[in-house]
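A short write-up of the structure that comes next.
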Amino acid sequence: MENIYKKVEKCPWCGQQGKTLFSEKAYNVLKCKKCGLVWSDTVLSEHGLKEYWTNYESEVHSADAVLTEQRKIMYRNDFDFVKPFIDSNSKVLDVGCGDGGFLDLFKEYGCSCEGTEFGEEAYRIAGRKYPMYFGELADIVFEKKYDVVLFRGTIQYLLKPQESLKKATELLNRGGIIFIYMVNSDSICFKLFKDKFRLPVSPTDYYMFNKPLLNDLMESMGMQLMVENMPYLGTPYENWREDILEVAEAIRKSDTGDTIEKKSPPFFDTMINLIYKKK
Ligand SMILES: [Zn+2]
């Protein structure tokens, strides 16, 4: 059988060495000494990618009713964040659009919508509503341009993140925007909870980025950061009293050298939203 995993020894962002932050049974989590990218040294191979994502939509993404409901609210929040930068006739491409749930809000607003997917099932489901492209963005050939490219919770799944972001900027019309929603590797909870961080990197979620790292790349490609936020207050995941107490408890344990056993709660700077505009 073909191996579904492959090893990533050097930083997949800049090629430099990393230092091991901690080790899990089947993989190590490293942080690049130069650029700060956090990555798993074992990730899905091209073959594994196909296997893993085949039925992801029904088996994972839509399997939990509560999470699905919460995600719908998040879609609405994120749409409101992007809305000042789009028009009702914007052409939108959602990279890793899943079942097309986030795109639905753009369609409602009047935008023309398309998506990409490498999960076969999601590709089929979204394909009932939107023109779809199969594969990783970097490898897809397009014959048109867009005003908006969305990476909502998807850049950690791209085997070629830099090439895909470069492709996204090339696909944009002048004045067009790229929206990125991602886990923040500079976040308090990741630094504090480490292997107990609730959104870890793993062989299927390859990396964690931070803002400076993305800014450097995006600026080098003529993209300008327009706005950012860190969605927590006002999200369905917010429970600030409990969450602050849990973080305080983890700080105490870390100070006294005790093991943190509970997973990190949702918190203020765990997720980050960025919008870049093409100059
Ligand atoms: Zn690096």
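The values are calculated or read from the model by the stated rules, or taken from the named source; none is laboratory data. Keep in mind that what you see is a predicted model, and the values were worked out from it rather than measured. For neighbour counting, all protein chains shown are included, and Cβ atoms are generated from backbone atoms with ideal geometry for every residue, glycine included.
Overview of results
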quantity: Residue among 25, 50 that is more than 30 Å from residue 126 (Cα to Cα), of a type in the set (D, E, K, R) and over 18 Å from the mean Cα position of the chain (by Cα); calculated: 25
quantity: Subset tally (residues that are without any contact (Cβ under 8 Å) to a residue 24 or more places away in the chain and away from the ligand (no atom under 15 Å from the Cβ)) for the stretch 1-32; calculated: 4
quantity: Qualifying residue in the stretch 33-43 (condition: near the ligand (Cβ under 9 Å from one of its atoms), assigned to a strand (DSSP E or B) and either under 15 Å from residue 159 (Cβ atoms) or among the acidic types (Asp, Glu) (or both)); calculated: yes
quantity: Some residue of the stretch 87-105 being within 16 Å of the ligand (Cβ to nearest atom) and within 18 Å of the chain's Cα centre (by Cα); calculated: no
quantity: Residue ranges of helices (runs of 4 or more DSSP H) in the stretch 147-245 with at least 2 members under 25 Å from residue 99 (Cα atoms); calculated: 161-171
quantity: Hits in the stretch 228-272 (condition: closer than 30 Å to residue 169 by Cβ and surrounded by fewer than 19 Cβ atoms within 10 Å (Cβ to Cβ)); calculated: 228, 229, 230, 232, 235, 268, 269
quantity: Single residue of 121, 117, 9 found to be surrounded by fewer than 17 Cβ atoms within 10 Å (Cβ to Cβ) and acidic (Asp, Glu); calculated: 9
quantity: Check on residue 57, modelled with pLDDT under 95 and either surrounded by 15 or more Cβ atoms within 10 Å (Cβ to Cβ) or within 16 Å of the ligand (Cβ to nearest atom) (or both); calculated: yes
quantity: Residue identified as aromatic (Phe, Trp, Tyr) and touching a residue at least 40 places away in the same chain (Cβ under 8 Å) among 206, 232; calculated: 206
quantity: Among the residues listed as 246, 238, the single one being farther than 20 Å from residue 37 by Cα and touching a Pro at 6+ places or on another chain (Cβ under 6 Å); calculated: 246
quantity: Residues (out of contact with any Asp or Glu (no Cβ under 8 Å at 6 or more places or on another chain) and loosely packed, with under 15 Cβ neighbours inside 10 Å) located in the stretch 191-211; calculated: 191
